[in-house]
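This report refers to the structure that appears directly beneath it.
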Amino acid sequence: MTDLAPRIWNRLQATDREWLHLLARQAGPLARVALVGGAVRDALLEQTPQDLDVVAEGTDIQTLARASALPFLYHPAFQNATVTLPDGRGADLVQARRETYPVVGQNPVPHSGALEDDLRRRDFAVNALALLIGPEGEITLLDELGGLDDLEARTLRPLHSSSFHEDASRLVRGARLAARLGFMAEAELLRQVPGALAVADQTPRLWAELRLLLSEVRPGAAARTLEEWGAGELLPGVEWLEKLDDLQDAAQPVSPQLYAAAALYASENPERLAERLGLGDRPAALLARALSGTYFPDGTPERLLRGLLRPDATVPLTGRDVLALGVPPGRAVGEALNHLAQLRQEGKINSRTEECSALQRYLAAERSE
């Protein structure tokens, strides 16, 4: 593993390396400072880490955060700090700890611990790798739980048999990672899925993870992963979400709100789903506009969503269309559009072809008077 440590270190941004060196020097001779989790994993996957999670053992976190001379917010309940890096990214500076779950699904209770304890409390072995940084610049890769083997096999393995029951949000986080990185579920992960579903309703973090899933690069792929793992009930509308993925793959920008609106469309209880995910009113309002008879130009979210969910729905003629079909400019255009809107509301026209035919009949009647 000696050759892997420099590989991880060199993948970090130069400013991030400087900050980590500073923390290691300021922590004191009896302390240990380590970069852990996703940053180490991503560096080994030849990606440049963006999210930094740093664990410190044997030092005061608030004092250490202050010594870095960067803005930070201290969280006394867990003795953690969120540090704002020079480029605006947030980095987590965490007191090494172990955790217990007196009530499954709720927040854990922290206890003082060593760096190794902190690694064992994490979700998957590939996220329990650590790069130990010494005060003189020495770096060492720690793999206490077999994360390197899982990384090579591209598998996700929970760290203990009650992992998903204690915190069901790990199921959704795993699906996000699997879809993003192309990882497979290890057998123990699949065994724990029913336990996660049993406590989903009492795990607020699970619904927060589902909201984050809608902001993934390809949310449809992550939702499909959940379905393949036996947890498709958590987020309906996988087919619609995958079609939105296809649009993104074709360079069509798709916002998280579009994904959320598609999920609401497929839900048997969209109000409850919106409340659980904390979506607010905007996705539901977008869905209502898309399903209305109102005209929206090409390229708008409403037109895109309507074409996805109801591809055979009527696309109303516009004033430009009416002019092209022979209506003279001015008041007559508005009257023709109002006539078509009335027919549409009464259900007498249901396609663009029928709109054109109805307009032709309307014009013929007007000319004969």
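The rows are residues; the columns are (1) surrounded by fewer than 16 Cβ atoms within 10 Å (Cβ to Cβ); (2) over 27 Å from His160 (Cα atoms).
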position: Gln47; (1), (2): yes, yes
position: Gln50; (1), (2): yes, yes
position: Leu64; (1), (2): no, yes
position: Leu73; (1), (2): yes, yes
position: Pro76; (1), (2): yes, yes
position: Asp92; (1), (2): no, no
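Name the one entry in Ala358, Ala365, Ala341, Ala336 that is modelled with pLDDT of 80 or more, closer than 30 Å to Ala263 by Cα and either in a helix (DSSP H, G or I) or not aromatic (Phe, Trp, Tyr) (or both). Being modelled with pLDDT of 80 or more, closer than 30 Å to Ala263 by Cα and either in a helix (DSSP H, G or I) or not aromatic (Phe, Trp, Tyr) (or both) holds for just one of Ala358, Ala365, Ala341, Ala336, which is Ala341. On the basis of being assigned to a strand (DSSP E or B), crowded, with 22+ Cβ neighbours inside 10 Å and within 23 Å of the chain's Cα centre (by Cα), does Val54 make the cut? Considered against the rule, which asks whether it is assigned to a strand (DSSP E or B), crowded, with 22+ Cβ neighbours inside 10 Å and within 23 Å of the chain's Cα centre (by Cα), Val54 comes out as yes. Cβ-Cβ under 7 Å, sequence separation 6+ or interchain: first residue in the range 274-286 and under 24 Å from Arg303 (Cβ atoms), partner among the acidic types (Asp, Glu). Which pairs? These pairs meet every condition: Leu286/Glu302.
Confirm whether Ala260 is of a type in the set (Gly, Ala, Ser) and touching a Phe, Trp or Tyr at 6+ places or on another chain (Cβ under 7 Å).
Details: of a type in the set (Gly, Ala, Ser): yes; touching a Phe, Trp or Tyr at 6+ places or on another chain (Cβ under 7 Å): no.
No, not satisfied.
Residue-wise test of (1) more than 23 Å from the chain's Cα centre (by Cα); (2) over 23 Å from Leu156 (Cα atoms); (3) in the same structural domain as Val172 (by TED's automatic domain parsing); (4) buried (at least 21 other Cβ atoms within 10 Å of the Cβ).
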position: Gln79; (1), (2), (3), (4): yes, yes, no, no
position: Pro102; (1), (2), (3), (4): yes, yes, no, no
position: Gly105; (1), (2), (3), (4): no, no, no, no
position: Val109; (1), (2), (3), (4): yes, yes, no, no
position: Leu131; (1), (2), (3), (4): yes, no, no, yes
position: Ile139; (1), (2), (3), (4): yes, yes, no, no
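Conditions tested, residue by residue: (1) hydroxyl-bearing (Ser, Thr, Tyr); (2) in contact with a Cys (Cβ under 9 Å, 6 or more places away or on another chain); (3) more than 29 Å from Gly174 (Cβ to Cβ).
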site: Val217; (1), (2), (3): no, no, no
site: Ala222; (1), (2), (3): no, no, no
site: Lys243; (1), (2), (3): no, no, no
site: Leu247; (1), (2), (3): no, no, no
site: Ser255; (1), (2), (3): yes, no, no
site: Ser267; (1), (2), (3): yes, no, no
site: Leu277; (1), (2), (3): no, no, no
site: Arg282; (1), (2), (3): no, no, no
site: Thr300; (1), (2), (3): yes, no, yes
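Residue by residue through the range 3-25, note down the ones that are over 18 Å from Thr84 (Cα atoms) and assigned to a helix (DSSP H, G or I). Full working, then the answer.
As a first pass, look at the range 3-25 and keep what is over 18 Å from Thr84 (Cα atoms): 3-11, 25.
Result: Leu4, Ala5, Pro6, Arg7, Ile8, Trp9, Asn10, Arg11, Arg25.
Evaluation of Val327 against the conditions (1) hydrophobic (A, V, I, L, M, F, W, C); (2) in a loop (DSSP other than H, G, I, E, B); (3) loosely packed, with under 14 Cβ neighbours inside 10 Å shows that the sole unmet condition is (3).
If you check Arg32, Arg7, Arg41, which single one turns out to be of a type in the set (D, E, K, R), more than 26 Å from the chain's Cα centre (by Cα) and surrounded by 16 or more Cβ atoms within 10 Å (Cβ to Cβ)?
Details: Arg7 fails: surrounded by 16 or more Cβ atoms within 10 Å (Cβ to Cβ); Arg41 fails: more than 26 Å from the chain's Cα centre (by Cα).
Going through Arg32, Arg7, Arg41 in turn, the sole match is Arg32.
Reported count of residues in the range 26-51, each being of a type outside the set (S, T, N, Q), part of a loop (DSSP other than H, G, I, E, B) and farther than 20 Å from Arg122 by Cα, is 5. Sub-7 Å Cβ pairs linking a first residue in the range 314-334 that is farther than 15 Å from Gln360 by Cα to a second residue that is among the charged types (D, E, K, R) and surrounded by 12 or more Cβ atoms within 10 Å (Cβ to Cβ), at least 6 apart or interchain, are Thr314/Arg344; Thr314/Arg352; Thr314/Glu355; Val315/Arg352, ordered by first then second residue. Being within 22 Å of Leu119 (Cβ to Cβ), in contact with a helix residue (DSSP H, G or I) (Cβ under 9 Å, 6 or more places away or on another chain) and crowded, with 19+ Cβ neighbours inside 10 Å, is that true of even one residue in the range 209-228? Yes. When you check Leu197 against the structure, is it assigned to a helix (DSSP H, G or I), in contact (Cβ under 8 Å) with a residue 40 or more places away in the chain and not assigned by TED's automatic domain parsing to the domain that holds Ala263, yes or no? It is false that Leu197 is assigned to a helix (DSSP H, G or I), in contact (Cβ under 8 Å) with a residue 40 or more places away in the chain and not assigned by TED's automatic domain parsing to the domain that holds Ala263. Within the span defined as the range 170-192, every residue fails to be under 25 Å from Leu64 (Cβ atoms) and either assigned to a helix (DSSP H, G or I) or free of Cβ contacts under 8 Å to residues at least 60 places away in the same chain (or both).
The values are calculated or read from the model by the stated rules, or taken from the named source; none is laboratory data. No experiment lies behind these values; they were computed from the predicted model shown. All Cβ positions, even for glycine, are placed from backbone atoms using ideal geometry, and neighbour counts span all protein chains on display.
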